[in-house]
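Asker: Here you go, one structure.
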Amino acid sequence: EAQVTQNPRYLITVTGKKLTVTCSQNMNHEYMSWYRQDPGLGLRQIYYSMNVEVTDKGDVPEGYKVSRKEKRNFPLILESPSPNQTSLYFCASNLSGATEATQYFGPGTRLTVL
Amino acid sequence: QKEVEQNSGPLSVPEGAIASLNCTYSDRGSQSFFWYRQYSGKSPELIMSIYSNGDKEDGRFTAQLNKASQYVSLLIRDSQPSDSATYLCAVGGGADGLTFGKGTHLIIQP
């Protein structure tokens, strides 16, 4: 089944404790991205990647890191999480990043930072 | 910065009626337009895409695009309670991916 997977789905952590949210897609997509969704603010892009070893900042990159060492994986790293990073996170992918490409979303990761 | 505007709602529509959702965007260079449906706590699900001016129909859904007015709409005919959700308008046009509106909360009243 073609899908984008994320792990963990739920995470409660404390301020300053490094964490990684994994994202993997099995559709051989070149383009992957991370979003956060907050009430009243909608979906905002954190980082995106056009291909392996190519990443770029989205609208809200502060406090986050990403890497793209393999085509299928695009982990999101929070080196020192803070309470304002409590949010619902979505990973997404599409075939090429072209304007008409359909974007597929993972199931989401609900993160709480205490 | 690219902006996509939607009325947050809630928009309340009787079952069986037509629900009309609207979206405006700021970047005239935008080339692709999408409507996603999102149930509470779930991931967005693509329901319509449109790339050229005019109407595009798919079942009970019709997307309308007017690039001159920078306006996109979604019509849902014969609304069902299962259509109750938040509808996200998304606009694309460059390598930096999609810009999303904040969504319109739609409630279909039985």
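The values are calculated or read from the model by the stated rules, or taken from the named source; none is laboratory data. Quick caveat: nothing in here was measured; it's all calculated off a predicted structure. For neighbour counting, all protein chains shown are included, and Cβ atoms are generated from backbone atoms with ideal geometry for every residue, glycine included.
Asker: In segment B:34-52, what residues are modelled with pLDDT of 95 or more and surrounded by fewer than 16 Cβ atoms within 10 Å (Cβ to Cβ)?
Answerer: Passing the criteria: only B:Tyr39.
Asker: Here is a follow-up. Which residues, taken from segment A:39-78, are among the charged types (D, E, K, R), surrounded by fewer than 12 Cβ atoms within 10 Å (Cβ to Cβ) and on the phi < 0 side of the Ramachandran plot? Don't jump to the end; show me each part of the working.
Answerer: At the first step, the residues of segment A:39-78 found to be among the charged types (D, E, K, R) are A:44, A:53, A:56-57, A:59, A:62, A:65, A:68-72.
Now narrow it down to the ones that are surrounded by fewer than 12 Cβ atoms within 10 Å (Cβ to Cβ): A:53, A:62, A:69-70.
Passing the criteria: A:Glu62, A:Lys69, A:Glu70.
Asker: Criterion first (more than 14 Å from chain B (Cβ to nearest Cβ), over 18 Å from A:Gln3 (Cα atoms), in contact with a strand residue (DSSP E or B) (Cβ under 7 Å, 6 or more places away or on another chain) and modelled with pLDDT of 95 or more) does A:Gln37 satisfy it?
Answerer: Numbers: more than 14 Å from chain B (Cβ to nearest Cβ): no; over 18 Å from A:Gln3 (Cα atoms): yes; in contact with a strand residue (DSSP E or B) (Cβ under 7 Å, 6 or more places away or on another chain): yes; modelled with pLDDT of 95 or more: yes.
For A:Gln37, the condition - more than 14 Å from chain B (Cβ to nearest Cβ), over 18 Å from A:Gln3 (Cα atoms), in contact with a strand residue (DSSP E or B) (Cβ under 7 Å, 6 or more places away or on another chain) and modelled with pLDDT of 95 or more - is not met.
Asker: Taking segment B:11-33, which residues are within 15 Å of the chain's Cα centre (by Cα) and modelled with pLDDT of 95 or more?
Answerer: Of everything in segment B:11-33, those that are within 15 Å of the chain's Cα centre (by Cα) and modelled with pLDDT of 95 or more turn out to be B:Leu11, B:Ile18, B:Ala19, B:Ser20, B:Leu21, B:Asn22, B:Cys23, B:Thr24, B:Tyr25.
Asker: Next up: Scan the strands (runs of 3 or more DSSP E) fully inside segment B:39-110 and keep the ones with 3 or more residues being away from chain A (no Cβ under 13 Å) and in contact with a Cys (Cβ under 8 Å, 6 or more places away or on another chain).
Answerer: The qualifying strands (runs of 3 or more DSSP E) are B:71-76.
Asker: For A:Asp56, all conditions in the list (1) within 11 Å of chain B (Cβ to nearest Cβ); (2) at pLDDT 95 or above hold save one; what is the number of the exception?
Answerer: (2)
Asker: Count, please, the residues in segment B:26-38 that happen to be under 20 Å from B:Lys67 (Cα atoms), within 10 Å of chain A (Cβ to nearest Cβ) and either touching a Leu at 6+ places or on another chain (Cβ under 9 Å) or of a type in the set (Ser, Thr, Tyr) (or both).
Answerer: Counting residues in segment B:26-38 that are under 20 Å from B:Lys67 (Cα atoms), within 10 Å of chain A (Cβ to nearest Cβ) and either touching a Leu at 6+ places or on another chain (Cβ under 9 Å) or of a type in the set (Ser, Thr, Tyr) (or both) gives 5.
Asker: Going residue by residue through segment B:14-25, is there one that turns out to be within 14 Å of chain A (Cβ to nearest Cβ) and either surrounded by 12 or more Cβ atoms within 10 Å (Cβ to Cβ) or assigned to a loop (DSSP other than H, G, I, E, B) (or both)? Even if it seems obvious, please write down each step before you answer.
Answerer: So in segment B:14-25, the residues within 14 Å of chain A (Cβ to nearest Cβ) come out as B:23, B:25.
Subsequent filtering for residues that are either surrounded by 12 or more Cβ atoms within 10 Å (Cβ to Cβ) or assigned to a loop (DSSP other than H, G, I, E, B) (or both) retains B:23, B:25.
Among the residues of segment B:14-25, at least one is within 14 Å of chain A (Cβ to nearest Cβ) and either surrounded by 12 or more Cβ atoms within 10 Å (Cβ to Cβ) or assigned to a loop (DSSP other than H, G, I, E, B) (or both), which makes the answer yes.
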